[in-house]
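S.K.: One structure is given below, represented as structure tokens, and several questions about it will come after.
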């Protein structure tokens with residue numbers, strides 16, 4: 001078993017939180033200089049840069065800003081952020097989730113900058129190790145900027161660590177930021193290997209995958225194609241034989257995972273844990289004969305339910321349907337068991353007056369769940385902190401990135417081949433999937449396949465925004481958002497806290 005990367009939340013985190021003009025209270029002005037003067041201090045600082053990933057992956061904030069208000073999911077019964085699905089006037093600059101994502105990403109960026117500012121002065125580190133650490137934190141800095149630039153557009157570009165309180169920052173054009181991200185990620189490509197002793201650290205494969213994503217933003221489709229093909233052809237990754245194998249809890253370290261955020265069955269090092277198991281689970285425990293059970297979704301937060309479009313997108317032979325959705329439940333509470341029913345029997349739902357089905361309804365209170373984030377090893381169904389790793393980059397997405405780059409170059413036939421590799425893996429045993437033809441290849445086909453393969457994995461809102469398809473697809477497939485979504489919703493509002501703490505006029509995004 002490979003060693004896993006342990007994130008260390010060090011006491012210097014107070015220095016890392018100040019991304020722009022947010023107020024900070026340093027414990028000691030000399031602390032960073034003294035702590036980052038040794039090899040162990042730099043190592044801990046690098047681990048601190050990784051730690052911010054846990055604030056955006058597997059969290060309610062991260063899921064909310066990427067899942068609500070898309071073509072794949074509508075809101076469920078509970079939660080106070082339904083306006084992110086309906087695009088009502090409550091979606092504005094005071095929303096806490098937008099502020100938190102902004103802050104978390106700048107915490108990671110400033111942590112990276114702090115390491116980069118001081119690493120060359122450390123004498124007990126070899127040049128090779130310095131370059132590896134630099135590559136890791138530059139990759140991560142670019143990753144946080146990927147989130148910021150796709151969510152908010154033009155944001156503050158920081159190339160050095162924060163010293164004191166900054167109140168005069170202004171945003172930089174997002175294309176300039178993308179070029180900065182490209183340089184950071186290329187440095188990681190040039191200085192990292194495809195393998196690492198500590199599973200969870202950035203590798204050359206992860207850097208190439210990220211570079212391909214960034215080159216799509218910069219409209220360098222040939223470059224994106226080349227980077228993605230290098231991952232597919234030269235890196236030590238392989239698609240799992242079955243789609244369900246990817247999400248097998250006991251198979252989390254597998255050949256398809258290019259980069260994952262680490263969560264551990266260790267309370268001391270697991271932070272708030274991966275909470276993805278909560279948000280897609282319906283209120284099944286509010287029905288007769290059912291109680292909370294980790295094998296049926298666990299604790300229900302009922303935040304997201306799949307749209308009709310998403311549920312109907314899968315063809316009959318697509319194994320991803322059953323690997324993605326939970327639509328059957330089983331009686332497990334004797335005290336409230338309906339007359340004539342037995343424990344362990346499949347629940348029969350009245351989906352219309354006097355119309356019954358073993359397939360659960362898909363309405364706010366009782367909707368279909370999602371299996372990808374299941375975490376059956378928690379001691380209690382009440383536990384929020386899960387131990388499942390969050391898969392950030394998978395090889396199947398690399399195939400779809402290459403296909404997208406090819407489509408945008410007019411190479412439809414070659415693009416179809418890459419999509420069909422993903423589809424063929426998804427076919428049920430001994431069956432086959434419909435093959436995509438060259439004449440069918442366009443950006444909508446790519447987005448459909450990304451939905452089937454990657455739905456519910458904290459990608460969708462940013463995918464729709466970056467491809468210019470957010471308005472069109474929400475209007476077509478999300479009845480909650482369709483009446484209210486406007487052109488300006490393709491960017492999030494700049495958090496009001498950022499504007500209020502600025503002593504210069506920090507511009508708000510148009511429409512907010």
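Just so it is clear, none of the values below were taken in a lab; they were calculated from the coordinates. Just so it is clear, the structure is predicted and the values come from calculations on it, not from any experiment. All Cβ positions, glycine included, derive from the backbone under ideal geometry; neighbour counts span all protein chains shown.
S.K.: Classify the stretch 37-163: rounded, prolate or oblate, from the alpha-carbon gyration tensor (a ≥ b ≥ c, eigenvalue square roots; a/c under 1.5 rounded; otherwise prolate if a/b is larger than b/c)?
M.R.: The shape class here is prolate.
S.K.: Here's a follow-up. Run the numbers on the chain and let me know its relative contact order in percent, using alpha-carbon pairs under 8 Å that are six or more apart.
M.R.: 21 percent
S.K.: Here's a follow-up. Could you please state, rounded to a whole Å, how far the C-alpha centre of the stretch 332-374 is from the C-alpha centre of the stretch 462-489?
M.R.: That distance is 32 Å.
S.K.: May I ask you to derive the FRET efficiency for residue 179 and residue 438 from their Cβ-Cβ distance with R0 = 45 Å, giving the value to the nearest 0.05?
M.R.: 0.85
S.K.: Along the three principal axes, how long is the chain when you take its alpha carbons, biggest first, rounded to the nearest angstrom?
M.R.: 74, 51, 50
S.K.: Sticking with the crude label model, points 7 Å out along Cα→Cβ, report the distance from residue 430 to residue 312 in nm, one decimal please.
M.R.: In this crude spin-label approximation the distance works out to 3.1 nm.
S.K.: Could I ask something else about it? Listed highest first by mean packing, meaning other Cβ atoms within 10 Å per residue, what order do 451-462, 78-89, 411-422 come in?
M.R.: The most tightly packed comes first, giving 451-462, 411-422, 78-89.
S.K.: Tell me the label-point distance for the pair residue 233, residue 43, using the 7 Å Cα-to-Cβ offset, in nm and rounded to one decimal.
M.R.: For the pair residue 233/residue 43, the computed spacing is 3.8 nm.
S.K.: Listing 198, 154 from the residue with the fewest other Cβ atoms within 10 Å to the one with the most, what is the order?
M.R.: Lowest count first: 198, 154.
S.K.: Separate question: Can you give me the pair-distance distribution of the stretch 325-458, C-alpha pairs, 5 Å bins, whole percents?
M.R.: Each 5 Å bin holds this share of Cα pairs: 2, 8, 13, 14, 14, 13, 12, 10, 8, 5, 2, 1, 0.
S.K.: Testing the spin-label approximation: label points 7 Å from Cα along Cα→Cβ at residue 127 and residue 193. State their distance in nm.
M.R.: With each label point 7 Å from Cα toward Cβ, the separation is 1.9 nm.
S.K.: If you line up the long axis of helix 395-407 against the longest principal axis of the chain, both from Cα atoms, how many degrees apart are they, to the nearest 10?
M.R.: 80 degrees
S.K.: Please determine, in degrees from 0 to 90 and to the nearest 10, the orientation of helix 96-118 with respect to the longest principal axis defined by the Cα atoms of the chain, where the helix direction is its Cα long axis.
M.R.: Once rounded, one gets 40 degrees.
S.K.: Let me ask something else. Against the empirical 2.2 N^0.38 Å scaling, what ratio does the C-alpha Rg of the stretch 135-226 come to?
M.R.: Expressed relative to 2.2 N^0.38 Å, the Cα Rg reads 1.14.
S.K.: Mind sorting 400, 116 by how few other Cβ atoms lie within 10 Å of their own Cβ, fewest first?
M.R.: With the fewest neighbours first, 400, 116 line up as 116, 400.
S.K.: Let me ask another. Among 425, 320, which comes first, then next, by fewest other beta-carbon atoms within 10 Å?
M.R.: Listed from fewest to most nearby Cβ atoms, that is 425, 320.
S.K.: What's the extension gain from residue 356 to residue 242 if we count 0.36 nm per residue and subtract their Cα-Cα distance?
M.R.: Full-extension gain reported as 37.8 nm.
S.K.: Also, quick follow-up: Can you give me the relative contact order of the stretch 189-287 as a percent, contacts being Cα pairs under 8 Å and 6 or more apart?
M.R.: Reported as a whole number, the value is 20 percent.
S.K.: Something else about it: Apply the Kirkwood formula to the stretch 408-486: the hydrodynamic radius equals the inverse of the mean of 1/r over all pairs of different alpha-carbon atoms; give it in Å with one decimal.
M.R.: About 14.0 Å, per the Kirkwood formula over Cα pairs.
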